[in-house]
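Right, one structure below, let's go through it.
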Amino acid sequence: MGLKAVFSGALLAASSVVAHPGHHEKVYAHAALPLERKSLDHCSEHFSQPEFVERTVEIHGREFARLRRELGLEVEESPKLSPRDYISVSKINHKSNKVVTTGMDLATLFSDAGACMLMPAVDQGPLYVKGEQVRKNITENELGIKMTLAIQVVDYKTCKTVPNAYVDIWSSNSTGIYTGVQGYPGMGDPNDASILKGTALRGLQPTDDHGVAAFDSLLPGHYDGRASHIHAIVYLGATKQPNNTVTGGKASHIGQLYFDQTLIAEIDKNTPYSKNKNKIMQNTADFLFMQGANGDDPIVRYALVGKTLSEGVFAWIRFGVNTAANKAVNPAAFMTDKGGVMNPTGPVSQIPKGGWGFGRLARAIKGGRNSDEE
Ligand SMILES: *[C@@H]1O[C@H](CO)[C@@H](O)[C@H](O)[C@H]1NC(C)=O
Ligand SMILES: *[C@@H]1O[C@H](CO)[C@@H](O)[C@H](O)[C@H]1NC(C)=O
Ligand SMILES: *[C@@H]1O[C@H](CO)[C@@H](O)[C@H](O)[C@H]1NC(C)=O
């Protein structure tokens, strides 16, 4: 279809940003090639009725506008057409009017009508630590705005929810710093090995009977060269060990999720986010966002828990996973019984003096894709 033509040639431009997003590289890609051309679009009927309706109106936008006019509802700005592109995705308001409370049945979040909640597959990023704890609350002593993040895992082929998967997430703290990885530019003193002890804002949760895994965390801060985001890997068939870590399994999905730009602007008015000196990169200027949002919607839907943002947010998103996939994961570090250790062949240990070369980037991208053939 026409899409291929639009995206062809974008990979080269894209490649200079993927493995080392930020700092020096200019983001000049106009269209970013998604790593996989699949979404959950075909699953609509299997999901809740309101969502099916929503998806239908997405395709039949004009009818929707007419219907809304007839119902006396204001006509929304031009309805997005499938396939999505990152500009239209960035214009969707993901804020929900749902009343959400701590302790609610999280599965109900996913019957919400509204913007789609799919998460495409992208790069694992340079700051993954393998071997973190299975725990719901990954906040530790970090400060910021509380966020409960619910992720529903769905088999993109059968459209069925996937129980007993392990979702592994990690993000930066409110001032844009990641724990657990030593020597990444901008992430603390490269000579400070105590960084390797850090485990905050990292952890895993199993999906329940409805395929939902939920974490208590904080809204992430931003750092140079990237839009605010959270990373995730979904492991299928992994085993929990006595020390509360997970071993084995297949990495069936690797992704990054994002936030509405309007929400990020609000977040930044609160301390300690307001102390963050890193420049904000807009979603639409972030190559990895483009890659994720060309065809899917990687922005979380959210609702405020109280009256103000500072009281916290509920955020949710649905991942479509390829249960047959076993993606290459190359952690920057491992958390072990001897503490955190850098992975000598990981993306951070491999950063050559003077920066990344194109050849390595191209190989890194290939390496992340080749195990995902169907
Ligand atoms: C998570 O743990 C932190 C302390 O580490 C605590 O302040 C916070 O209230 C907890 N979050 C939830 C939702 O229980
Ligand atoms: C974020 O992490 C850095 C490094 O651990 C720490 O110095 C900073 O205080 C943290 N920010 C907040 C707001 O907790
Ligand atoms: C957990 O146990 C496994 C298996 O014995 C071990 O390899 C790993 O280092 C342990 N992790 C931690 C954080 O203790």
Specify whether the C-alpha gyration tensor of segment 222-282 places it in the rounded, prolate or oblate class, a ≥ b ≥ c being the square roots of the eigenvalues: rounded for a/c under 1.5, otherwise prolate if a/b is larger than b/c and oblate if not. prolate
Relative contact order of segment 189-313, pairs being alpha-carbon contacts under 8 Å that are 6 or more residues apart, as %: 22
Beyond 27 Å (Cα-Cα) in this structure, taken from Lys275/Lys327; Lys136/Lys307; Lys250/Lys277; Lys98/Lys146; Lys146/Lys277; Lys130/Lys277, we find Lys275/Lys327; Lys250/Lys277; Lys130/Lys277
In Hz, Karplus ³J(HN,Hα) per residue of segment 215-226 (6.51, -1.76, 1.60; θ = phi - 60°; x = Gly, Pro): 10, 9, 8, 10, 5, x, x, 10, 9, 4, x, 9
Name all residues of segment 233-248 having a backbone nitrogen under 15 Å from the label point set 7 Å from the Cα of Asp337 along its Cα→Cβ direction, giving them as ranges. 241-247
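Taken together, the values in this text are just the output of simple stated rules run on the coordinates, not laboratory data. What you are looking at is a predicted structure, and each value in this text was computed from that prediction instead of being measured. Because the Cβ atoms are built from the backbone with ideal geometry, glycine has one as well, and the counts that use them run over all protein chains shown.
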